[in-house]
Structures are given as structure tokens and as C-alpha cells.
Amino acid sequence: MVAEKDSANDKRLRDYTYVEREVENKLDGKGQTKSVEVKTFEILEIYGEPVRRMIEKDDKSLDSGDAAKEEEKIQKIIDKRKNESEDDRRKREEKEEKEREDGRKFVQEVADAYDFKLVGTELVSGREAWVIDGEPRPGYEPKMKEAKFLPKFHGRVWIDKGDLQLAKLDIEAIDTVSVGAGAHSQRLASDAGTDAGER
């Protein structure tokens with residue numbers, strides 16, 4: 001049911017501007033937090049494409065230099081889309097639709113990769129939510145290349161009781177994960193139940 005809501009949200013979010021907050025806890029070899037990084041993004045829809053603009057770092061407004069870089073990034077996208085040919089627009093939209101379809105498949109893969117257990121209820125932003133733990137399912141074989149990391153994580157989700165939307169997400173690496181040239185363990189928390197304002 002939540003996976004279906006996620007798919008419906010993907011379509012609805014194209015008509016909204018909303019805020020997303022990410023909290024990343026980097027852990028040491030003993031599993032203790034060694035650093036915390038918080039980023040807050042405004043998600044804009046520009047010519048049919050969702051674009052993330054960072055608006056805060058560690059819960060503080062960006063300094064003028066970083067804010068200017070974010071605005072420059074947005075303006076470059078606008079300028080590129082304004083001058084886009086019909087053929088380029090069609091190719092971009094086909095690529096974006098494929099990415100959305102891959103995203104929907106990945107959500108289904110997550111549902112297949114974990115055993116979920118209801119552990120209680122909590123308030124999230126003043127609303128009641130079910131608290132559900134997810135542990136990697138023994139013997140799970142990923143179908144998508146992007147899903148091969150799923151067994152290396154476990155986590156907890158909060159599902160709003162009223163609208164069955166994902167309200168909060170907390171995931172943690174339980175094995176070393178190689179990213180680029182290095183390997184590290186980390187914990188990521190995301191407030192998914194952010195306020196959305198229709199444009």
C-alpha cells in the first residue's frame with residue numbers, strides 16, 4: 001500500500017514545491033557517531049524536472065557565496081530548458097520517464113528485500129504514525145543492479161496513520177559499503193513528511 005502511495009506521490013509532486021531535510025550521521029569503526037551533517041533542500045519543478053536547491057546546512061541559512069552557487073545552478077537549468085529543441089525535450093522527457101519507472105521498480109524491490117515488523121506508534125510532526133522496522137530478508141536476491149546494496153542496510157520507517165504516507169525514514173549501514181574510491185559506514189535519517197505547497 002505504501003509503495004502504491006509512493007508511486008502516486010511521484011506524479012503529484014510534479015505539481016508541488018516542497019522541502020526535504022536529510023540528516024547524515026557518519027559512524028566510526030565502533031558504530032559511534034563521529035560527525036553529523038544536516039542538509040535542507042527545496043525541491044522545485046522546472047520544465048517538468050524536479051530540481052533540488054539546498055537552502056540550509058546544519059540548520060543554518062547558506063552563506064551568500066553558497067546561496068549564490070545554488071541560484072546559479074537553478075538559472076543554468078532554466079536557461080538550458082528555454083533553449084531546448086523539440087527533439088531534445090522529447091529525449092529528456094523519455095529519459096525522465098524511464099528514471100521514474102526505475103524508481104517505482106526500486107520501491108517494489110525494497111518491499112521484496114526486507115522483512116517488516118510493526119513495533120509501535122509515535123507522533124511525527126504532531127501526527128500519529130506507525131513505527132515499522134525493516135531487516136534484510138535472508139536469501140534475498142536483487143533483481144536490479146541498484147538494489148545490490150539493500151542487504152547492507154536496515155532501518156525504521158514511520159508511516160502516517162491518516163494518509164498512509166511515509167513520514168520519516170531512518171536507515172543504517174550494517175556492513176561496509178564501498179562508495180567511489182573508499183568504504184564507510186553511515187546512518188541517514190530523512191524527514192519525508194515535509195510540508196508541500198502547491199505552485
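Bear in mind that the values in this text are calculations on the coordinates, not laboratory data. Predicted, not measured: the structure shown is a model, and the values here were computed from it. Cβ: placed from backbone, ideal geometry, glycine included. Neighbour counts: every protein chain shown.
Quick notes on this one:
- Scalar couplings 3J(HN,Hα) for the stretch 19-31, obtained by applying the Karplus form with A = 6.51, B = -1.76, C = 1.60 to θ = phi - 60°, are 10, 10, 10, 10, 10, 10, 9, 8, 9, 8, x, 9, x Hz; x denotes Gly and Pro.
- Compared with the direct C-alpha span, the chain from residue 63 to residue 19 gains 14.0 nm at full extension, assuming 0.36 nm per residue.
- Sequence ranges 155-167, 40-52, ranked by mean other-Cβ count within 10 angstrom, highest first: 155-167, 40-52
- Put simply, when 116-126, 18-28 are sorted by average Cβ atoms within 10 angstrom per residue, most first, you get 18-28, 116-126.
- FRET efficiency estimate (nearest 0.05) - Cβ-Cβ, residue 55 to residue 175, R0 41 angstrom: 0.80
- Contact order relative to length of the stretch 25-67, as percent, for alpha carbon pairs under 8 angstrom and 6 or more apart: 28
- Net length available on complete extension from residue 36 to residue 82 is 12.7 nm, with 0.36 nm assigned per residue and the Cα-Cα distance removed.
- Taking label positions 7 Å along the Cα-Cβ direction at both residue 121 and residue 91, the computed distance is 5.3 nm, reported to one decimal.
- In nm, spacing of pseudo-spin labels at residue 104 and residue 73 (7 Å Cα→C-beta vector): 2.8
- Taking 0.36 nm per residue of separation and subtracting the current Cα-Cα distance, fully stretching the chain between residue 28 and residue 46 would add 2.6 nm.
- In this Cβ point-charge picture (+1 for Lys and Arg, -1 for Asp and Glu), the stretch 96-146 has a dipole of about 60 debye about its Cα centre.
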